[in-house]
Amino acid sequence: MKPKVEKPAEQPKPKETPKSQPQEKKELVKPKTSIVFNGLVKMEGREMTAFVDGRRLKVGDRLPNGGEITSMDLDNETLTYKLDGKEYTIRKGRKSQDI
């Protein structure tokens with residue numbers, strides 16, 4: 001019979017931290033805020049206006065997220081805006097109240 005030899009208790013190895021490596025340049029990302037589109041209104045003798053985040057805006061105005069309104073469609077209740085070279089179309093929110 002062999003005598004039992006006790007092995008020293010193994011201690012967990014410390015996690016290796018990466019040595020200072022050159023970090024890649026990160027692209028700056030603009031924070032994009034969401035907007036609340038409440039609907040469109042066309043009053044006689046005036047241009048069509050959109051209610052966005054409690055403000056009345058018309059074609060050519062800037063949205064809170066930085067986009068520029070390019071068109072409005074009263075029949076479909078949609079608003080089209082341009083942001084960072086792309087065009088986006090949004091609809092009136094389902095829960096928005098009629099104006």
Starting from region 49-63, take each residue that is farther than 13 Å from residue 37 by Cα and list its partners that are outside any loop (DSSP other than H, G, I, E, B) and of a type in the set (A, V, I, L, M, F, W, C), counting only C-beta distances under 9 angstrom and pairs at least six apart or across chains. 59/50; 59/69; 59/72; 60/69; 61/50; 61/52; 61/69; 62/69
Restricting region 64-94 to residues that are basic (Lys, Arg) and part of a strand (DSSP E or B), the one nearest to residue 35 (Cα to Cα) turns out to be 91
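Any read-out appearing in this document is the output of simple, stated calculations on the displayed coordinates, not a laboratory observation. This one's a predicted model, so the numbers in the text were calculated from it and none came from an experiment. Glycine also receives a Cβ, built like all others from the backbone with ideal geometry; neighbour counts cover every protein chain displayed.
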